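Report on the following structure.
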Amino acid sequence: MQSLRRVVGRIAKPHGVRGEVQVEIRTDEPELRFKKGSQLIAGEQLLKIQSAKFHGKYMLVKFEGFDTRNDVEELRNLMLEVEVDPTLTPDADDEF
């Protein structure tokens, strides 16, 4: 069976000069989706999370291989997706 993609965030803008980005959270499980080592899909790129932490209503995320503000500028406004198994169902009625 083929997996489905689900949006978990949107890269808003770079933060600082060391390659971090602000991510608008669009998931009920940010601790799971943005943990170190997780892989996210952004357009045609596969991005691996080096670090992530809450910063107000955003997550500050650093991806492996993106070390400067210029490196992450190309990621601005991209949607972050994960592949999910379509046979898995949420535990509660109000979960997606």
Residues being under 18 Å from L32 (Cβ atoms) and of a type in the set (K, R) - total across the range 63-76: 0
Search result, residues across the range 24-72 that are in a loop (DSSP other than H, G, I, E, B) and touching a Lys or Arg at 6+ places or on another chain (Cβ under 6 Å): T27, E64
Leading residue by the ranking (least open to solvent (accessible area, probe 1.4 Å)) among those in the range 1-57 that are under 21 Å from D85 (Cα atoms), aliphatic (A, V, I, L, M) and more than 12 Å from the chain's Cα centre (by Cα): L4
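The values are calculated or read from the model by the stated rules, or taken from the named source; none is laboratory data. Just so it is clear, the model here is predicted, and its values are computed rather than measured. Positions of Cβ are generated from backbone atoms using ideal geometry, with glycine treated the same way; all protein chains shown enter the neighbour counts. Just so you know, the surface numbers come from the protein's heavy atoms only, side chains and all, with ligands and any DNA or RNA stripped out. Shrake-Rupley method; radii C 1.70, N 1.55, O 1.52, S 1.80 Å.
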